[in-house]
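Worksheet for the structure shown next.
The values are calculated or read from the model by the stated rules, or taken from the named source; none is laboratory data. Predicted, not measured: the structure shown is a model, and the values here were computed from it. So basically every Cβ, Gly included, is an ideal-geometry build from the backbone, and we count neighbours across all protein chains shown. Just so you know, the surface numbers come from the protein's heavy atoms only, side chains and all, with ligands and any DNA or RNA stripped out. Shrake-Rupley method; radii C 1.70, N 1.55, O 1.52, S 1.80 Å.
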Amino acid sequence: QKEVEQNSGPLSVPEGAIASLNCTYSDRVSQSFFWYRQYSGKSPELIMSIYSNGDKEDGRFTAQLNKASQYVSLLIRDSQPSDSATYLCAVSPGAGSYQLTFGKGTKLSVIP
Amino acid sequence: GAGVSQTPSNKVTEKGKYVELRCDPISGHTALYWYRQSLGQGPEFLIYFQGTGAADDSGLPNDRFFAVRPEGSVSTLKIQRTERGDSAVYLCASSWSSGTDTQYFGPGTRLTVL
């Protein structure tokens, strides 16, 4: 059974700090990895996607992927109160099968 | 342009009733997905359409759930003989094609079965 594991949190960081969110997955053939942000009562919003080992940066966000360790992470630099949300890690096998398997999400709280 | 839209936004029904949930994907998107999200959980895959056909329905929990997409655009998720355990937010997502992974989610339909 495909599983995606995340620490449910809550993770509290002070404003301006770096927030580090982690995710592990069980299916070794997974090819595509995503981080979604979900505000309370809202639908998931794509933040980052990553497909190959290493780092991918977009503004204050950096996604990191290590396929050998089956590990993906999201770093948020200069955290803002508006970053307070639940962050969902999602994994897709790709190669013709594009259903996303989600983790339960990590709730992030940025304290002003 | 317009995003994914879903109707109704909220649906309250009684146990045993039949419900239909509608999804209108982003214009031009050929791939459409249904997910279900229970409180405190991540979205759970239900079914995926490529065009008019269901390419993968492995996530449908049982035969009370059925989905159609007759013209390759709007999709309807149908739930027969609803049960209290069906209560959840039903999310629809679309993407350009099966070769593009980025899925854009609609606002969801909150289904409550009394």
Checklist line | Matching residues, region B:84-114, being more than 9 Å from every other protein chain (Cβ to nearest Cβ), assigned to a strand (DSSP E or B) and at pLDDT below 95 | finding: B:S94
Notebook entry, point to check: In region B:52-65, which residue that is surrounded by 15 or more Cβ atoms within 10 Å (Cβ to Cβ) and more than 11 Å from chain A (Cβ to nearest Cβ) is farthest from A:Y36 (Cα to Cα)?
Noted result: B:F65
Checklist line | From A:S69, A:S52, A:S8, residue being farther than 25 Å from B:V4 by Cα, within 11 Å of chain B (Cβ to nearest Cβ) and outside any strand (DSSP E or B) | finding: A:S8
Next item on the list: Using the structure shown, decide if A:K56 is among the charged types (D, E, K, R), closer than 22 Å to B:P107 by Cα and open to solvent by 70 Å² or more (accessible area, probe 1.4 Å).
Entry: no
Next item on the list: Select, from A:R28, A:R60, A:R37, the only residue that is within 24 Å of B:Y35 (Cα to Cα), among the basic types (K, R), in contact with a helix residue (DSSP H, G or I) (Cβ under 9 Å, 6 or more places away or on another chain) and in contact (Cβ under 8 Å) with a residue 12 or more places away in the chain.
Entry: A:R37
Next item on the list: State all residues of region B:41-51 that are modelled with pLDDT under 95 and either more than 10 Å from chain A (Cβ to nearest Cβ) or open to solvent by 60 Å² or more (accessible area, probe 1.4 Å) (or both); if no residue qualifies, say none.
Entry: B:Q41, B:F49, B:Q50, B:G51
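Tally the residues that are under 12 Å from the mean Cα position of the chain (by Cα) and either surrounded by fewer than 16 Cβ atoms within 10 Å (Cβ to Cβ) or under 8 Å from A:T106 (Cβ atoms) (or both), restricting the search to region A:9-21. So that I can check it myself, show each step before the final result.
In the first step, residues of region A:9-21 are kept if they are under 12 Å from the mean Cα position of the chain (by Cα); the result is A:19-21.
Now restrict to residues that are either surrounded by fewer than 16 Cβ atoms within 10 Å (Cβ to Cβ) or under 8 Å from A:T106 (Cβ atoms) (or both): A:20-21.
Residues in region A:9-21 being under 12 Å from the mean Cα position of the chain (by Cα) and either surrounded by fewer than 16 Cβ atoms within 10 Å (Cβ to Cβ) or under 8 Å from A:T106 (Cβ atoms) (or both): 2 in total.
Pick from region A:85-112 the residues that are under 15 Å from A:I18 (Cβ atoms) and among the polar types (S, T, N, Q): which of them is farthest from the other protein chains (Cβ to nearest Cβ)? Explain how you work it out, then say what you get.
Our first condition is that a residue be under 15 Å from A:I18 (Cβ atoms); within region A:85-112, this holds for A:87, A:106, A:108-111.
Narrowing the set further to residues that are among the polar types (S, T, N, Q) leaves A:106, A:109.
Details: A:T106: 10, A:S109: 16 Å.
Restricting to residues being under 15 Å from A:I18 (Cβ atoms) and among the polar types (S, T, N, Q), the top hit is A:S109.
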Next item on the list: Could you tell me which numbered condition B:G28 fails, if it satisfies all but one of (1) closer than 21 Å to A:C89 by Cα; (2) touching a residue at least 60 places away in the same chain (Cβ under 8 Å); (3) surrounded by fewer than 18 Cβ atoms within 10 Å (Cβ to Cβ)?
Entry: (1)
Item checked: Only one of A:S79, A:S43 that is open to solvent by less than 70 Å² (accessible area, probe 1.4 Å), under 26 Å from B:A88 (Cα atoms) and not in a strand (DSSP E or B) -> A:S43
